[in-house]
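The values are calculated or read from the model by the stated rules, or taken from the named source; none is laboratory data. Bear in mind that the values here come from a model prediction, so they are computed numbers and not experimental data. We place every Cβ from the backbone using ideal geometry, glycine too, and count neighbours over all the protein chains shown. Surface accessibility is based on the protein's heavy atoms, side chains included, excluding ligands, DNA and RNA. Shrake-Rupley method; radii C 1.70, N 1.55, O 1.52, S 1.80 Å.
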Amino acid sequence: MEEIKLEDCYVSEEYGFILQDPLVKLPEYYKPWMDIAGNLAELIEKKKLRNEVTKMPELDIQHLKGHRQLRLARLILSHIVMGYMWQNGETGGLKVLPRNLAVPYHQVSQVLGLPLIIVHADLVLANWKRKDPTGPLTIENLSTIVSFPGGDSLQGFVLVTLLVELAAIPAVRAIIRTVRAIKEDDRQTLLPTLQDLEQSITKMSAALQLMYGYVDSDVYYNTIRTFLAGWKDNPNMPEGLLYEGVSDKPLYFSGGSAAQSSVYHVLDELLGIQHKPQSANFLLAMRSYMPPAHSNFIKWVKGAPSLSEYIVRSEDPTLLSTFNQCISALTQIRSLHIRIVSKYVNAASVRARMKKNQEEKQGQDQQERGTGGSQAMIFLKSVRDTSKEGVLRHGTPGDH
C-alpha cells in the first residue's frame with residue numbers, strides 16, 4: 001500500500017477536506033458572473049435572475065488559473081445554475097439550461113471532475129470567507145461567498161455545516177495517523193490517535209447541534225431546500241435537464257446531500273462500517289459527487305489494513321474500548337442527523353402542507369425526500385443502525 005501525498009488529494013492536516021483560504025474574486029474578464037453572483041439572492045427573489053442570465057455573454061474558461069480560481073468559478077456557476085432552475089419554486093423547473101451558462105459550467109466541471117450540479121464541495125467546502133481576515137474560524141467571523149435566498153438561515157445552514165467539517169479536521173489527522181500506526185504495528189501511537197478520533201467525532205455532533213439555533217426549519221424547508229433539489233428521481237423534472245451545447249440528451253443529477261461529505265465516508269471505511277446494499281449503493285453513488293481527489297483519499301483508507309481486525313488481534317481491552325467509543329460517537333452524530341431531518345424536513349413539510357391547505361397533492365413521497373433524492377429517514381436510520389453494528393467484542397471484528 002503506497003504512502004499517500006495529501007496535497008494530491010486536496011486534503012490537509014490543517015483544513016481537512018475544506019478548501020484552504022478560498023478566493024472571493026475572479027479576474028476582471030469574469031465580471032458578468034461576479035455581478036450576478038453578488039446579487040444572486042435578490043435577483044432570485046425578484047424573479048429577475050433568468051432575465052439576467054439571458055443577457056450574460058458566453059465566457060471562455062481559459063483565463064482561469066489554478067485550483068482556487070476554478071473552484072470559485074464553479075461555486076459561482078453552480079449557484080447561478082440552481083437559482084436559474086428554481087427561481088420560480090420547486091415546481092417551476094425548466095427543461096433546458098442555456099449554452100452561455102451550460103458550456104462554461106461544463107468546462108469548469110470537467111477540469112475539476114465534478115458533476116453538472118451544485119455539490120457539498122461547492123456549497124460548503126469552497127464557500128466561506130473570514131469577515132476579519134486575521135480572526136478565528138468561528139461562525140461569528142464567517143460568511144458565505146455566494147448565497148441563495150434564505151437570509152440568516154441560509155448563512156446558518158452553510159456555516160454550521162462548515163463548522164462540522166472544521167470539527168472533523170482532527171479526525172482527518174487521526175485517520176491518517178491510524179493508517180500509518182497499523183502499517184507500522186505501532187500500538188502506542190494508535191491508542192491516543194483513536195482517542196483524538198473519538199473527541200473529534202463528538203465535536204462534530206456539538207457543531208451539528210448548532211443547526212437548531214441558526215436555521216429556521218420553515219425557511220429551510222420552503223426556501224433553502226428548493227435550491228438544492230436535483231433532477232434525478234425528481235417528479236417535478238421527470239425528463240432531466242438538457243444542457244445546451246453540452247449534450248444532445250437530457251442529463252440527470254441528484255441534488256445536494258450530506259452524504260456528499262467525504263468525512264463520513266472516510267470514517268466508515270476506517271471503522272469498517274458495512275452498510276446495507278441499498279444505502280451502500282446510494283453512498284457509493286455520492287462519491288462521484290465529490291472532488292475526485294477526495295474520493296481517492298477515501299479509497300486510500302479503504303485499501304489500508306483493517307483497523308477492527310488489528311484491534312481484535314491485539315487483545316488489548318483499552319484499544320477495544322476506545323474503538324467502540326469511536327463507533328458510539330459516530331452512531332450518535334447519525335442519530336442527531338435523523339432528529340434534524342425529522343424537524344427540518346418531516347415536521348416542516350406537514351406544516352407547509354397544512355398551510356397550503358392540500359392545494360398540492362403530490363403525496364408524501366415527494367414531500368419527505370431528502371435533497372439528495374434518497375428517502376431521507378429510511379436511509380438515515382439504516383446508516384445509523386449499521387454504524388451501531390460496528391461495535392467490536394472480543395473475538396471477531398464486527399460480529400455482523
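Annotation: V215 fulfils all but one of (1) touching a strand residue (DSSP E or B) at 6+ places or on another chain (Cβ under 8 Å); (2) touching a residue at least 40 places away in the same chain (Cβ under 8 Å); the unmet one is (1). Criterion applied to V179, V160 was being buried (at least 17 other Cβ atoms within 10 Å of the Cβ), touching a helix residue (DSSP H, G or I) at 6+ places or on another chain (Cβ under 6 Å), among the β-branched types (V, I, T) and touching a residue at least 40 places away in the same chain (Cβ under 8 Å), and the one residue passing it is V160.
Just one of the listed residues (V103, V164, V160) is under 18 Å from V215 (Cβ atoms), part of a helix (DSSP H, G or I), touching a Gly at 6+ places or on another chain (Cβ under 9 Å) and of a type in the set (V, I, T), namely V160.
Counting only residues that are β-branched (V, I, T), touching a Pro at 6+ places or on another chain (Cβ under 7 Å) and crowded, with 23+ Cβ neighbours inside 10 Å, the range 208-264 holds 0 of them. Of all residues in the range 243-262, those that are more than 18 Å from the chain's Cα centre (by Cα) and either of a type outside the set (V, I, T) or under 13 Å from S288 (Cβ atoms) (or both) total 9.
Pairing residues of the range 12-39 that are more than 13 Å from I145 (Cα to Cα) and in contact (Cβ under 8 Å) with a residue 40 or more places away in the chain with residues that are surrounded by 15 or more Cβ atoms within 10 Å (Cβ to Cβ) and of a type in the set (S, T, Y), at Cβ distances under 6 Å and at least 6 apart in sequence or on separate chains, gives F17/S262.
Filtering the range 120-134 to residues that are part of a loop (DSSP other than H, G, I, E, B) and either among the charged types (D, E, K, R) or touching a Leu at 6+ places or on another chain (Cβ under 9 Å) (or both) leaves A126, N127, W128, K131, D132. As a summary of the residue check, K203 satisfies the conditions (1) of a type outside the set (D, E); (2) open to solvent by 20 Å² or more (accessible area, probe 1.4 Å); (3) touching a residue at least 60 places away in the same chain (Cβ under 8 Å) except for the one numbered (3).
Note on the range 288-400: enclosed helices (runs of 4 or more DSSP H) holding 3 or more residues that are at pLDDT 95 or above are 292-302, 307-314, 317-341.
Evaluating L166 against the criteria (1) open to solvent by 40 Å² or more (accessible area, probe 1.4 Å); (2) touching a residue at least 40 places away in the same chain (Cβ under 8 Å) leaves one unmet condition, (1). Condition test on I145, is it open to solvent by 10 Å² or more (accessible area, probe 1.4 Å), at pLDDT 95 or above and farther than 30 Å from T318 by Cα? So I145 passes the test. Would you check if F297 is closer than 20 Å to L116 by Cβ and open to solvent by less than 60 Å² (accessible area, probe 1.4 Å)? When the stated conditions are applied, F297 does not pass them. Number of residues in the range 184-200 that are in contact with a helix residue (DSSP H, G or I) (Cβ under 7 Å, 6 or more places away or on another chain), open to solvent by 10 Å² or more (accessible area, probe 1.4 Å) and not polar (S, T, N, Q) equals 4.
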